[in-house]
Amino acid sequence: MSAATDSPEADTTPKRFKPNQLALVLFTAVALFTLVSGILPQITKWENDNAVHRTVFVNIPGPIQIVFYTVIPVLLIWVGIMFSFRMKNWERGAPSQRRTTTKNAKQRLKDFRAGVYMQTLLRDAGAGLMHSMIYFGFLVLLGVTTVLEIDHQLPEQLKFLHGTTYKAYVFIGDLAGLVFLGGIVWAIVRRYVQRPYRIRIKSKPEHAIILGVFFAIGVTGFGAEMFRIALEGGPDYEQWSFIGYPLSTLVDGWSQSSLEVWHQWWWIGHVAAFVAFLAILPITMLRHIFTSPINMYLKDKDRPKGAMRPMPNLMETELESFGASVVEDFTWKQLLDLDACTMCGRCTSVCPAHATGKSLDPREIVLKAGAVMAASGAPATSPPLSEDKEITVPANNLFDRITAEEIWACTTCKACDEICPVNIEITDKIFDMRRYLSLMESNFPAELGNAYRAMENQFNPWGLNQGERGDWAEGLEFVDIVDPGEALKSEYLYWVGCAGSFDDKNKKVTQSMAKLLRRAGIDVAILGPSEMCTGDSARRSGNEYLFQMLAQPNVEMLNEMGVKKIIAQCPHCLNTLKNEYPQLGGNYEVIHHTQLLEQLIESGQLDVSQATLEERITYHDSCYLGRHNDVYVAPRKVVGAIKGIEVVEMSLNGTKGMCCGAGGARMWMEENTGVKVNDERAEQAISTGASRVATACPFCYIMLDDGVKAAGKEEDEVKVADISIHLLEAIETGEAEFHAGESPLLDSEQAAEPDDGPLTSV
C-alpha cells in the first residue's frame with residue numbers, strides 16, 4: 001500500500017466512466033463524424049451553385065475518396081485506443097485532489113488558457129514564438145479543413161462558403177499555412193543548425209520524423225492548392241489565395257491531363273502526410289498537443305505551492321511503505337506529468353545542479369520515470385522519448401532508471417517547476433523519491449545523518465545546546481523570552497530559527513532585526529530554548545518521521561499559547577510554518593522579516609529618512625522566499641529605501657534567480673562533484689560590480705559569503721549580509737553623519753536608540 005496521497009480526503013466515489021474510456025468515446029465520435037461526412041454527400045448530392053466557391057474533391061476519383069473516408073476514421077479510433085492505454089497508465093497512480101470546484105473553476109480556466117495560448121512558452125520569446133507559429137498555424141489549418149467539410153454536408157440553401165466569405169476563407173487558410181510552414185522551417189534550423197544545448201543533448205530520430213511530417217503537410221498543402229487553382233483556370237476570386245494563386249501561374253499552360261495527374265498526386269501526398277501525423281500522434285512526443293493543456297488545466301492544487309504532499313502520522317499509521325519507489329507510488333497527476341512533457345529542456349537549462357556539473361538533469365527525471373511507466377504498463381506504451389536499445393526496464397521500479405545520486409543532487413530550488421511551460425511538478429517527484437530513500441532504504445549521504453542526529457538529540461541541525469538558543473539576545477534588554485506555558489500576549493511571535501540562534505553570522509542578523517523592531521516601537525517576543533527546529537531540512541531530505549517528531553510539538557506549543565501571527569527570519573521556517581504546519585493543525589499568519597520591514601518603512605513606523613549608504617548593492621533571491629512563496633518585491637523595496645544606494649540586478653534574478661546551493665538540506669551535505677553552486681552564484685554577484693550583496697535567508701547568507709571569500713574578495717571589497725544588517729548600518733551611518741556637527745561626542749549606539757515612548761509588543 002502506498003503512502004503517497006495528496007489529501008486525507010481521497011475520492012472514493014465510484015466513477016461511471018474512467019478517463020481511458022472517455023478517450024475512446026471522444027475519438028470514436030470524431031471517427032464516426034468523419035465517416036458520415038464521407039457517406040452523406042453521396043446520398044444527398046447537394047452542390048454549391050454559387051459562382052465564387054470551391055468544389056470539394058474536385059478531380060479526386062471516387063475510389064480515392066472512399067479510401068480517404070475509410071483510413072482516417074480507422075486511424076482516429078486507433079489514436080483513441082493508444083491514448084486510452086496511456087490514460088490507463090495514469091490511473092495506476094494514487095489519488096490526487098484535483099477536482100474542479102466553484103472555488104477553483106476560474107483559476108482552472110485561467111491556467112488552461114495560459115496553456116492553450118502558449119503564455120508560458122512565450123516567456124522564452126524566440127522558442128515561444130516558433131512553437132506558437134506551428135501550434136496556431138496547425139489549429140487554424142485544421143479548422144479550415146473542418147469548415148470546408150461542414151459546408152460540404154449542408155443543403156444548398158444553408159451553404160455559407162461562397163462569395164466574400166469564401167475569399168476570406170482562402171486568405172485565412174493561406175496565411176495559416178504560411179505561418180505554420182514558417183514555424184516548421186524555424187524549428188528545423190533551430191534544432192539542426194543553431195542547436196542550443198538543451199535541445200542538442202536530447203535530439204532523437206523521432207524529432208526529425210515529426211518535423212518532416214509537418215513540413216510535408218505544409219508543402220503538399222500548397223502544392224495541391226497550386227494545381228487545383230491552375231486546373232480550375234485560375235479564377236480571379238482565387239487571387240485571395242495569396243500563396244496558391246501566384247504558384248499556379250508557374251504551371252500556366254500545362255495540359256489539362258498533366259494538371260489533373262499532378263493535382264491528384266499532390267493531394268494524395270497531402271493526405272498521406274496527415275495520415276502519418278495521426279499515426280505518430282499517440283506514440284511520440286506529439287501527444288503533448290492533448291496532454292499539456294490538460295496538465296495546465298489541473299495546475300491548481302489543494303495545497304500551497306511551497307508545501308510538500310502531506311503524509312499520515314507515521315507514529316500511528318499502519319502503512320508499510322513510504323515515499324515513491326514504484327510507478328504506483330506517484331499520484332495520477334504526477335503520472336500525467338510524464339506524458340505531458342514536451343522535452344523542451346527548459347528545466348535543464350535553469351537547474352543549478354546540472355549547470356555546475358552534477359548528475360541531476362530534471363528533464364531526465366521526467367523522461368526516466370516516464371520510461372518506467374510506459375514499459376511497465378499493461379499493455380506497454382511508447383516511452384516519452386525513444387531510448388537506446390541497450391536500456392531496459394525490468395519492472396516498475398523507478399530506481400532501475402533513476403539513481404540516488406541524481407535525487408540527492410537537487411537543491412529543491414523549484415526553478416524547474418517555475419519555468420516548465422506545461423506545469424510538470426518535478427520537485428514533488430524528487431521529494432517523494434527522497435522519502436523512500438530516507439525512510440525505507442536509509443540511503444542518504446553520511447553527512448546528512450549527522451544533521452539528523454543533531455535534530456533528533458539537540459532539536460537543531462547544528463547540534464548545539466538547545467539551552468543556548470536565546471543567547472544571541474544577551475545585552476538586548478528589550479527582547480522578551482516568553483514562557484510557552486502561558487498565553488502569548490503579544491501580537492506577533494518572532495521565530496528566530498536555528499541559524500539565527502546558533503550561527504555566528506546569522507546571530508548578527510537576529511540582533512540587527514531586533515534593533516530595527518525596537519526602533520519601530522515594537523517589542524520583541526521570542527521562545528528562546530523552547531523554540532525547536534521547524535523540521536524543514538528533515539522533510540526536504542525525505543525524513544518525514546523526524547519532521548513530524550519536531551513539528552508536532554511545535555504546533556502543540558504554538559496552539560496552546562494561542563499564537564496567531566509569526567515573524568519568520570528564515571524563508572525555510574516561513575515556508576514550513578506557513579504552508580506545511582496547517583497539515584498538522586497549525587494555522588498561523590506568517591510573515592517574513594523583509595515583508596515586515598517593508599510595511600514598517602511604508603507606514604513611517606520605521607524612520608529611514610536618514611538611512612544612507614553610498615554603495616552599489618545587488619540582491620540575491622532566496623528560492624524558498626521567492627519561487628516557493630512568491631516574495632520578490634518586499635526585499636527590493638527595503639533595499640531601495642536606502643539613500644545613495646545603486647541597486648543592480650544579477651543576470652539571473654527574480655523567478656529566474658539561481659539557488660545558493662543550500663536548499664533541500666544540501667546545507668548539510670558535501671558538494672564533491674563539479675563546481676560548487678554557491679561559488680557559481682557568488683561569481684554572478686561579483687560580476688555586477690556591487691560592493692554589497694544583500695540576502696534574505698540565513699542559508700543564502702552563509703553560502704554566498706563563503707563563495708565570495710572563495711573568489712578572493714575580502715569584506716571591504718564585497719560585503720555579504722542580510723538586508724536587516726545593511727539597513728541598520730545605513731540608518732546608523734546616516735544618523736552619525738547627521739549628528740556629527742551637533743555633537744561629535746554623541747555615541748552612535750545612543751543615537752540609534754529611539755525616543756522613549758510606548759512599545760508595541762511583537
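Odds and ends about this structure:
- Residue that is farthest from I201 (Cα to Cα), among those in the range 375-410 that are at pLDDT below 95 and of a type in the set (A, V, I, L, M): A378
- The listed residue being part of a helix (DSSP H, G or I) and assigned by TED's automatic domain parsing to the domain that holds V219, out of I72, I134: I134
- Annotation: of all residues in the range 186-198 being of a type outside the set (K, R) and buried (at least 16 other Cβ atoms within 10 Å of the Cβ), the one that is nearest to G244 (Cα to Cα) is W186.
- Criterion (in the same structural domain as S622 (by TED's automatic domain parsing), among the hydroxyl-bearing types (S, T, Y), crowded, with 24+ Cβ neighbours inside 10 Å and modelled with pLDDT of 95 or more) met by exactly one of T695, T688: T695
- Scope the range 415-438; condition over 18 Å from G128 (Cα atoms) and touching a Pro at 6+ places or on another chain (Cβ under 8 Å); matching residues: A415, I426
- Qualifying residue in the range 578-593 (condition: under 26 Å from S691 (Cβ atoms) and buried (at least 23 other Cβ atoms within 10 Å of the Cβ)): yes
- Test result for G173, under 24 Å from F68 (Cβ atoms), of a type in the set (G, A, S) and free of Cβ contacts under 8 Å to residues at least 40 places away in the same chain: no
- Selection count where residues are in contact with a helix residue (DSSP H, G or I) (Cβ under 8 Å, 6 or more places away or on another chain) and surrounded by fewer than 18 Cβ atoms within 10 Å (Cβ to Cβ), scope the range 653-670: 3
- Residue match in the range 551-571 (condition: part of a helix (DSSP H, G or I), modelled with pLDDT of 95 or more and more than 29 Å from E316 (Cα to Cα)): yes
- Residues of the range 227-252 satisfying the condition of being assigned to a helix (DSSP H, G or I), among the charged types (D, E, K, R) and touching a residue at least 40 places away in the same chain (Cβ under 8 Å): R228, E238
- Within the range 339-357, the set of residues being hydrophobic (A, V, I, L, M, F, W, C), under 12 Å from the mean Cα position of the chain (by Cα) and outside any loop (DSSP other than H, G, I, E, B) comprises C347, V350.
- Filtered residue count, the range 527-548, keeping only those that are part of a helix (DSSP H, G or I) and under 14 Å from E580 (Cα atoms): 8
- Of the set (1) free of Cβ contacts under 8 Å to residues at least 24 places away in the same chain; (2) in contact with a Lys or Arg (Cβ under 9 Å, 6 or more places away or on another chain), all apply to S255 but (2).
- Scoring M513 on the criteria (1) among the aliphatic types (A, V, I, L, M); (2) within 30 Å of L439 (Cβ to Cβ); (3) assigned to a helix (DSSP H, G or I) leaves a single failure, condition (2).
The values are calculated or read from the model by the stated rules, or taken from the named source; none is laboratory data. Quantities reported herein were computed from a predicted structural model and do not represent experimental measurements. Every residue, glycine among them, receives a Cβ derived from its backbone with ideal geometry; neighbour counts consider all protein chains shown.
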